[in-house]
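Here is the structure we will look at, set down as structure tokens.
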Amino acid sequence: MPSKSQFLWMYETMEKARYYEDTIAVAYMEGKQPKFDIGAGPLPGEMHLAAGQEPCAAGVCVHLRADDTVTATHRPHHAAIAKGVDLKKMTAEIFGKKTGLAGGRGGHMHLLDPAVNFACSGIIAQGAGPAVGAALAAKLRGTDAVAVSYVGDGAANQGGFHEALNLASLWKLPVIFVIEDNSWGISVPKAKSTAIKDNSLRAAGYAMPGFHIADNDTLKLFDVAGEAVARARTGGGPTLIEVETYRYYGHFQGDPETYRPKGEVAALKAKDPIARFRKTMIETKVATAAEADAALARAKAEVDEAFAFARAAAYPAPEEALAHVFA
Amino acid sequence: MSSNRIMTVSRAMSEAIAQEMRADPNVFVMGEDVGAYGGIFGATSGLLGEFGESRVRDTPISETAFIGAGVGAAMAGMRPIVELMFVDFFGVCMDAIYNLAAKNVYFSGGNCKVPMVIMTGTGGGYSDAGQHSQTLHATFAHLPGLKVVAPSNAYDAKGLMTTAIRDDGPVMFMFHKGLQGLAWMASPEGAATELPEESYVLPFGQAKIVRPGKDVTIVAISMMVHHAMEAAKALEKEGVDAEVIDLRTLVPLDRKTVIQSVKKTGRLIVVDEDYKSYGLTSEIIASVVEENPAYLKSPPRRLAVPDVPIPYSRPMEQYILPDAVDIAAAVRATLGKKAA
């Protein structure tokens, strides 16, 4: 079981991630009405939100340190928040501002924060290899740092993912592969893309432990991830963890979602993982409702502050586009 | 038969595919989100309803497998049309493209056909950043064995798609997202065109003079044709008569039409949304200069992305993408004119 501070940290982190995504969802529509144009408004381009997937971030990253590495997907905000990416700089980056992590060059799918060893990629499964590399570096240097690679259930069918699993196991590297199974690869349901029901079974093919976490359960994930991180830190090699998670929004904002069964999201929201986590935390007397409310208020204030910072920031000068092509 | 149907590029593509699927049971479609979604950029819209899941197949996100499978199916006598939604994703499966699709005809001494269409979205301008906004025309045009198509409008898209499906070798069909006529992305006025209902083919390797002129030749492709036309319109007011050429295909490349035009105008601007170095722009200029440098009355100019990844933030992205203002300025510079 998590300690009180771990409990509260996970709760606050999940609320922060949720509020962050819901705030972006509103801001994203600015300038895009009445006619939706993906290139218009203060947040142009594609926007992939992770509301519903917060347990995957908090339940794993609670066990991590700044010197551990996380590689996330094209839906990266919750993981970035849980890994401790600077929220102001990250938000400024998503607004395309000069004060962003990359001065506005990368945007929301390409958040890189070397200060906390966080990276993501807009290309499916392409974070798996770099996580293996980060773990290899830790092993070669003799540190006990670990790496976590997040992929979606769609990415679990990628060659790059499987090659990374094999390499990590072959070299007994400290990597935790986390499959965020939200059951959708854009419009294609998992049942139509994946030959087996549980991707955790694939771990057997690479001689590593595999775990399946049902129903977006933060506490079960906390336990399994804690063991996996401890195993990795002590030379026990990689672990594959599959989490059944929820995708509340479409693949991207503006996705008409005509492929999605009616009522699916409402049914998922009825068993929202954050609400369940909060209820457990209070019912088991780990924390009081007042403590939870204070955590929620802190989370919201931090997000609001980050958005205010991002909105107030200046855009880069056009010719700054030419900088930083080479190191 | 002519009709007054104005249709988008995406509808033109799906109509061509549907007509070929009706005519030939060997034609089928597979790729990412081509089924219920109808293709993220609308190119397979409506096909699932008519042809069913057997011939309109959603694939897992497993590009190496399904592009490779496309090659195998094509060599087995089928005519697969395979969509991989963003050209930026092709690195994942490049081996299947440039070592299998592109080379198997050659490796068989011509005894083997690979009648496969690979279609993909190109281009930026809507702040989707460096992994979803590249154009990469030259990457594929550089590889022997691949034909490369990049239409600028619906009429060309339908005719070129029909030709691509009937071609016995692999064809890269590179459509610009911003020309598709999507409900959620701005599209220039000229991209949607009148579209004949009947099936028709447009030969590869025939550029089109979309605006005749005598003072300067502007060579463009895909989205850049629209920017070139806008520039030509602005220049007309300044007394400059620009000829605009839409290449339509990169491989085969219609060097002849370009050379004839430059022979007439004596001046050349080439514009591409791809990276500048080692690209289409230098290829066109080299083709003219190799023929006869004396055709040129002033140094040729090229406009393209200045060898930087496509930035996310709008001011920077707009700065690096060539547009009508850049093209008009290049024309004025070539003519030794001051800005209007």
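The values are calculated or read from the model by the stated rules, or taken from the named source; none is laboratory data. Fair warning: this is a prediction, and the values are worked out from it, not measured in the lab. With ideal geometry, Cβ positions are generated from the backbone for all residues, glycine too; neighbour counts draw on all protein chains shown.
Can you name the residue in the stretch B:44-59 that is in contact with a strand residue (DSSP E or B) (Cβ under 6 Å, 6 or more places away or on another chain) and either crowded, with 19+ Cβ neighbours inside 10 Å or within 13 Å of chain A (Cβ to nearest Cβ) (or both) and is also farthest from B:Ala192 (Cα to Cα) among such residues? Only one residue fits best here, namely B:Thr59. When each of A:Phe211, A:Phe222, A:Phe177, A:Phe161 is tested for being among the aromatic types (Phe, Trp, Tyr) and within 14 Å of another protein chain (Cβ to nearest Cβ), the lone residue that passes is A:Phe161.
A:Val151 fulfils the conditions (1) part of a helix (DSSP H, G or I); (2) within 14 Å of chain B (Cβ to nearest Cβ) except for a single criterion, (1).
Exactly one residue among A:Val70, A:Val62, A:Val116, A:Val146 is in contact (Cβ under 8 Å) with a residue 12 or more places away in the chain, touching a Pro at 6+ places or on another chain (Cβ under 6 Å) and more than 14 Å from chain B (Cβ to nearest Cβ), and that residue is A:Val146. Across the stretch A:14-59, the qualifying residues are those that are among the polar types (S, T, N, Q) and surrounded by fewer than 24 Cβ atoms within 10 Å (Cβ to Cβ), and the one among them that is farthest from the other protein chains (Cβ to nearest Cβ) is A:Thr23. Yes or no: the stretch B:330-337 includes at least one residue that is of a type in the set (Val, Ile, Thr), in contact (Cβ under 8 Å) with a residue 40 or more places away in the chain and away from chain A (no Cβ under 12 Å). Checked against the condition, which is being of a type in the set (Val, Ile, Thr), in contact (Cβ under 8 Å) with a residue 40 or more places away in the chain and away from chain A (no Cβ under 12 Å), the stretch B:330-337 yields at least one hit. For the stretch A:241-280, filtered to residues that are over 18 Å from A:Asp181 (Cα atoms) and in contact with a Leu (Cβ under 8 Å, 6 or more places away or on another chain), the residue that is nearest to the other protein chains (Cβ to nearest Cβ) is A:Gln253. When the residues of the stretch A:285-314 are filtered to those that are surrounded by fewer than 16 Cβ atoms within 10 Å (Cβ to Cβ) and either over 30 Å from A:Lys4 (Cβ atoms) or among the β-branched types (Val, Ile, Thr) (or both), the one that is farthest from the other protein chains (Cβ to nearest Cβ) is A:Thr288.
Which residues, taken from the stretch A:1-28, are free of Cβ contacts under 8 Å to residues at least 60 places away in the same chain and not in a helix (DSSP H, G or I)?
A:Ser3 - this is the single residue of the stretch A:1-28 that is free of Cβ contacts under 8 Å to residues at least 60 places away in the same chain and not in a helix (DSSP H, G or I).
When B:Asn292 is tested against (1) touching a strand residue (DSSP E or B) at 6+ places or on another chain (Cβ under 9 Å); (2) away from chain A (no Cβ under 14 Å), exactly one condition is not met: (1). Checked against (1) surrounded by 24 or more Cβ atoms within 10 Å (Cβ to Cβ); (2) basic (Lys, Arg); (3) outside any loop (DSSP other than H, G, I, E, B), A:Arg75 passes all but a single condition, namely (3). Just name the residue that is nearest to the other protein chains (Cβ to nearest Cβ) out of those in the stretch B:91-116 that are touching a residue at least 24 places away in the same chain (Cβ under 8 Å), part of a loop (DSSP other than H, G, I, E, B) and more than 21 Å from the chain's Cα centre (by Cα). Checking each candidate, the answer is B:Lys103.
Restricting attention to the stretch B:219-234, the residues being within 17 Å of the chain's Cα centre (by Cα) and either part of a helix (DSSP H, G or I) or within 15 Å of B:Arg301 (Cα to Cα) (or both) number 9.
If you go through the stretch A:278-305 and pick out every residue that is part of a loop (DSSP other than H, G, I, E, B) and of a type in the set (Ser, Thr, Tyr), you end up with 2. Quick check: is even one residue across the stretch B:131-154 away from chain A (no Cβ under 14 Å), in a loop (DSSP other than H, G, I, E, B) and charged (D, E, K, R)? No: zero hits.
Scanning for something within 30 Å of B:Pro311 (Cα to Cα), in a helix (DSSP H, G or I) and basic (Lys, Arg), does the stretch A:306-314 turn up at least one residue?
Looking through the stretch A:306-314, at least one residue is within 30 Å of B:Pro311 (Cα to Cα), in a helix (DSSP H, G or I) and basic (Lys, Arg).
Tell me, please, whether a residue that is within 14 Å of chain B (Cβ to nearest Cβ), over 21 Å from A:Leu49 (Cα atoms), modelled with pLDDT of 95 or more and not in a strand (DSSP E or B) can be found in the stretch A:225-234. There is no residue in the stretch A:225-234 that is within 14 Å of chain B (Cβ to nearest Cβ), over 21 Å from A:Leu49 (Cα atoms), modelled with pLDDT of 95 or more and not in a strand (DSSP E or B). State all residues of the stretch A:43-72 that are in a helix (DSSP H, G or I) and touching a Leu at 6+ places or on another chain (Cβ under 9 Å); if no residue qualifies, say none. Scanning the stretch A:43-72 gives A:Pro55, A:Cys56, A:Ala58, A:Gly59, A:Val60.
Flag set for A:Lys220, criterion: in contact with a helix residue (DSSP H, G or I) (Cβ under 8 Å, 6 or more places away or on another chain) and of a type in the set (Lys, Arg). With the condition kept exactly as written, say whether any residue in the stretch B:46-67 is among the basic types (Lys, Arg) and either more than 22 Å from B:Gly145 (Cβ to Cβ) or at pLDDT below 95 (or both). Yes, that holds for at least one residue. In the stretch B:67-90, the residues that are within 14 Å of another protein chain (Cβ to nearest Cβ) form Cβ pairs under 7 Å with partners that are assigned to a helix (DSSP H, G or I) and surrounded by fewer than 24 Cβ atoms within 10 Å (Cβ to Cβ), at six or more places apart or across chains, as follows: B:Ile67/B:Cys93; B:Ile67/B:Ala96; B:Gly68/B:Ala96; B:Gly68/B:Leu100; B:Leu84/B:Phe90. With respect to the conditions (1) of a type outside the set (Lys, Arg); (2) within 14 Å of another protein chain (Cβ to nearest Cβ); (3) assigned to a loop (DSSP other than H, G, I, E, B); (4) more than 16 Å from the chain's Cα centre (by Cα), A:Glu93 falls short on a single one, namely (3).
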